[in-house]
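See structure below.
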Amino acid sequence: MNVIGLGLAALGCGIGLGLIGYGAMQGMARQPEAINRLQVAMLIALAFVELVFLLTVFVGAPGLKG
Amino acid sequence: MFAAAEGEAERTVEVGFLGTAVYIVVVLALLFLLLSFAKKGLNTRVFKNYWTSRFEQLYLFIEGMCVNVIGAHGRRYVPMIITFWLVIFFGNVVALFAPFSPTASLSFNLGLALTSIAYVQWEGMKANGIIGHFSHFAGPKLGGLMALVISPVIFCIEVVSELMKNVSLSLRLYGNIHGGHEAVEKMNALGHSIYVPFGEFLLPIKLLTVVVQAMIFTLLTCVYLSLVTAHHSEDDHHHETDSPHGAEGVAVPA
C-alpha cells in the first residue's frame, strides 16, 4: 500500500512539474525576450513542487522497510 | 557504490561526523586550489588566465542573478551569494564521484540553510532597523481593533514560516543529492547479476542536478533577501503592488 502511495505522489509531482514546464515553454516561445525572467520564476516554482514530493518521500519511505 | 548489491537489502553509506568533516575538507581544498589558481591571473587590465576568466564568468552570472531578482542594490549581496554557490556546487561535484559528500548530509545542509536565513534576517535588520524588520512580519498596518486581533496572528504565522524556510532549503538539497545516491545504488543492485552498473547511466541527470540545486539555493536566498530589503529601494510604501522586478511577483510559501 505504501508503494502505491509513493507512486501516486510521484505521479502528482510529475504532473505538476510538467505543467510548470509547459507554461514556461509556451511563455518563452511567445516572448523570447522574457526568457531570463521566466527561467527564474520557473526554477522557483519547480523547487517548490519538488519539495512537496521530497517531504512525501521522507514521511512515507521509512514505512517501506517494515 | 556497489554496497547495496552485496546481499543485504538496505545499506546506505554511513560516515559519521569525522567522515563528514573529511569530505568537507576535501571540498574546501578543491575550492581553495581552484581559487588560488584564479587569484594568480588577477590584474587591472584583461584576464588571460584560464581559471580567472572562468571565475569571472561565474561572477557575472551571479551578479546578473542578484540584480535581476533583488534590484539595483543587489550587488551588495554578491559575495555571500557566490560563496553559497561555490560551496554547494563543489559539494555536489564531489557527490557525483564519491559515495558521500557534505551536501548529501542533512547536518551540513541545515548549517548552510541556517547561515543563509540568519544572513537574510541580518540584512533585513540592517535595511529596515530592528523594529522595522520585526514589524514587517506583522503584515500591513491595520487600525483599531483589527490591529489587536489580526496582527499577532499574522506575526506568529510569519515567524513559523521563517523557521520553515530553514527546513525547506536544507531538505531540498539533501533530498536531491542523497536521493541521487540512493537511486544509483538501487539501479546498481538491479544490474548486479549481469555485472552492469546501471546506476552510472544516471550520471547525466545528476550532472544537471548539480548546477540546478546550487542555483536554486542561491536563487531562493536572493528572493528572501529581496523580500526583506524591499523597503530599501526608491518606492517606499507600496512595495508589494506592481513591483518592477520579476521574481517579487512570485508567491513564496515557506
Taking each residue of B:212-224 in turn, how many C-beta atoms of other protein chains fall within 10 Å of its C-beta, and what is the average?
-> 2
Filter on B:40/B:126; B:40/B:165; B:165/B:206 - keep pairs with C-alpha separation over 27 Å | B:40/B:126; B:40/B:165
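Compare the peptides B:149-156, B:88-95, B:124-131, A:50-57 by average per-residue count of other Cβ atoms within 10 angstrom and give them in order, highest first. Show your work: numbers first, answer last.
Values: B:149-156: 13.1, B:88-95: 23.5, B:124-131: 15.1, A:50-57: 18.0.
In descending order of packing, they fall as B:88-95, A:50-57, B:124-131, B:149-156.
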Quick one: order B:202, B:169, B:208 by neighbouring beta-carbon count within 10 Å, fewest to most.
-> B:208, B:202, B:169
Partners for residue B:39 among lysines (Cα-Cα distance below 24 Å; same-chain residues under 8 apart left out) = B:48
Taking all pairs of distinct alpha-carbon atoms in the protein assembly as shown, Kirkwood radius in angstrom = 21.9
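Ranking B:51, B:85, B:122 by Cβ neighbours within 10 Å, fewest first, what do you get?
Working: B:51 17, B:85 23, B:122 12.
Least crowded to most crowded, the residues run B:122, B:51, B:85.
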Which whole-number percentage describes the relative contact order of region A:2-60, with Cα contacts under 8 Å and a sequence gap of 6 or more?
-> 52
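Hey, got the average number of other protein chain Cβ atoms within 10 angstrom for residues in A:2-12?
The shielding value for this peptide is 0.
Taking each residue in A:27-40, count the Cβ atoms of any other chain within 10 Å of its Cβ, then average. What number comes out? Present the calculation step by step, with values, prior to reporting the outcome.
On the way: counts 0, 0, 0, 0, 0, 0, 0, 1, 0, 4, 6, 1, 4, 11.
Across the residues of A:27-40, the mean count of other-chain Cβ atoms within 10 Å is 2.
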Based only on Cα atoms, what Rg/Rh ratio does region B:51-168 have, Rh being taken as Kirkwood's radius?
-> 1.09
Fully extended contour minus Cα-Cα distance, from residue B:154 to residue B:37, at 0.36 nm per residue | 37.1 nm
Fewest to most neighbouring Cβ within 10 Å: what's the order for B:23, B:59?
-> B:59, B:23
Compute the normalised compactness of chain B: alpha-carbon radius of gyration over 2.2 N^0.38 Å, N being the residue count.
-> 1.21
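In whole Å, what three semi-axes, largest first, describe the equivalent ellipsoid of region A:2-60 built from its Cα gyration tensor (square root of 5 times each eigenvalue)? Write down the numbers at each step before the final one.
Working: eigenvalues 164, 26, 3 Å².
Equivalent ellipsoid semi-axes, largest first: 29, 11, 4 Å.
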How far is it, in nm, from the label point at residue B:211 to the one at residue B:118 when both lie 7 Å from their Cα along the line to the Cβ?
-> 3.2
Report the residue, chosen from B:141, B:39, B:206, that carries the largest GNM mean-square fluctuation when chain B is represented by alpha-carbon nodes joined by springs under 10 Å.
-> B:141
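Quick note: the coordinates plus some simple rules give every number you see, no bench work behind them. All values derive from a computational prediction rather than experimental measurement. Virtual Cβ from ideal backbone geometry, glycine too; neighbours counted across all protein chains shown.
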